[in-house]
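Peer 1: Before we start, here is the structure in question, set down as structure tokens.
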Amino acid sequence: MSFQIRGLDAALFAPLFNFSEAELSAVGALKVVADEADAYPCRVSLTRVGKGEELLLINHAHQSTPTSPYRVSGPIFVSRLAKAGHYRDELPPMLRDRLLSLRAYDSDALIVDAEVAEGEQVLAVIERFLANPNVAHVDTHFARRGCFGARIERA
């Protein structure tokens, strides 16, 4: 089954890069500079940023359906330099070598199925979930820290 993974819209976060530390603090966000390569996954580009790159650490509501008991938000990194990532039938770089929690949701934002997988196993789980007609989308989370990774939809 063909699928796609799109990064979040950079325009949603761009104004925040002009906020002062106090203004960021008021909205529960921080400016961060990557102190090592391969450690900060940007949810716009769907890649891990290089050392020295500026990011925001901000709370993001990725499952926001008001009538769902599975509403959830959590911390994400967004790079100042990010360009929108779009991947079809492949995992973006930031998801390829991490232990992931995958949660399949129906059109009412209720969980239909869930699984933990890593590497090539992730593709098999995505295929199985999307083969279920009741599944509207799949959300990935980094299993160890629980942060939202990306949303997977049928292509």
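The values are calculated or read from the model by the stated rules, or taken from the named source; none is laboratory data. For clarity, every value in this text was computed on a predicted model and none was experimentally measured. Reconstructed Cβ throughout: ideal geometry from the backbone, glycine too, with neighbour counts over all protein chains shown.
Peer 1: Condition first: under 16 Å from the mean Cα position of the chain (by Cα) and hydrophobic (A, V, I, L, M, F, W, C). Now tell me which residues in region 79-113 satisfy that.
Peer 2: Matches in region 79-113: A82, A84, L91, M94, L95, L99, L100, L102, A104.
Peer 1: Tell me whether region 119-141 contains one or more residues that are among the charged types (D, E, K, R) and closer than 30 Å to N18 by Cβ. Give the derivation first.
Peer 2: Filtering region 119-141 down to residues among the charged types (D, E, K, R) leaves 120, 127-128, 139.
Now restrict to residues that are closer than 30 Å to N18 by Cβ: 139.
Yes, region 119-141 contains at least one residue that is among the charged types (D, E, K, R) and closer than 30 Å to N18 by Cβ.
Peer 1: What pairs come up if the first residue lies in region 19-35 and is closer than 14 Å to V78 by Cβ, the second is among the hydroxyl-bearing types (S, T, Y) and assigned to a loop (DSSP other than H, G, I, E, B), and their beta carbons are under 8 Å apart, counting only those six or more places apart or on different chains?
Peer 2: V32/Y40; A34/Y40
Peer 1: Could you look through region 7-24, keep only residues that are among the aliphatic types (A, V, I, L, M) and under 25 Å from K83 (Cβ atoms), and pick out the one that is surrounded by the fewest Cβ atoms within 10 Å (Cβ to Cβ)? Give the derivation first.
Peer 2: Going residue by residue through region 7-24, those that are among the aliphatic types (A, V, I, L, M) are 8, 10-12, 14, 16, 22, 24.
Imposing the further condition that a residue be under 25 Å from K83 (Cβ atoms) reduces the set to 8, 10-12, 14, 16, 24.
On the way: L8: 22, A10: 18, A11: 9, L12: 12, A14: 14, L16: 16, L24: 17.
Applying the filter and picking the extreme gives A11.
Peer 1: Continuing with the same structure: May I ask you to say which residue of E120, E127 is surrounded by fewer than 19 Cβ atoms within 10 Å (Cβ to Cβ), farther than 19 Å from R6 by Cα, of a type outside the set (S, T, Y) and over 16 Å from the mean Cα position of the chain (by Cα)? Outline the logic, then answer.
Peer 2: Values: E127 fails: farther than 19 Å from R6 by Cα.
From the options E120, E127, the qualifying one is E120.
Peer 1: Would you mind listing the strands (runs of 3 or more DSSP E) fully within region 1-104 where at least 3 residues are within 29 Å of L130 (Cβ to Cβ)?
Peer 2: Numbers: elements: 3-6, 30-33, 54-63, 72-79, 86-88.
Correct list: 3-6, 54-63, 72-79, 86-88.
Peer 1: Follow-up question, since we're still on this one. So which of P69, P75 ends up being touching a Cys at 6+ places or on another chain (Cβ under 8 Å), surrounded by fewer than 18 Cβ atoms within 10 Å (Cβ to Cβ) and either within 16 Å of A143 (Cβ to Cβ) or at pLDDT 95 or above (or both)?
Peer 2: Values: P69 fails: touching a Cys at 6+ places or on another chain (Cβ under 8 Å).
Sole residue among the options that is touching a Cys at 6+ places or on another chain (Cβ under 8 Å), surrounded by fewer than 18 Cβ atoms within 10 Å (Cβ to Cβ) and either within 16 Å of A143 (Cβ to Cβ) or at pLDDT 95 or above (or both): P75.
Peer 1: For region 143-155, name all the residues that are surrounded by fewer than 18 Cβ atoms within 10 Å (Cβ to Cβ), touching a Phe, Trp or Tyr at 6+ places or on another chain (Cβ under 8 Å) and either in a loop (DSSP other than H, G, I, E, B) or of a type in the set (A, V, I, L, M, F, W, C) (or both).
Peer 2: Residue satisfying the conditions is A155 alone.
Peer 1: Turning to a different aspect of this structure: I'd like the residue in region 25-45 that is within 17 Å of R145 (Cβ to Cβ) and hydrophobic (A, V, I, L, M, F, W, C) and, out of all such residues, is surrounded by the most Cβ atoms within 10 Å (Cβ to Cβ).
Peer 2: C42
Peer 1: Which residues, counting only those in region 97-117, are over 20 Å from H62 (Cα atoms) and exposed (fewer than 15 other Cβ atoms within 10 Å of the Cβ)? Let's see the steps before the verdict.
Peer 2: Of all residues in region 97-117, those over 20 Å from H62 (Cα atoms) come to 97, 117.
The answer is D97, and nothing else.
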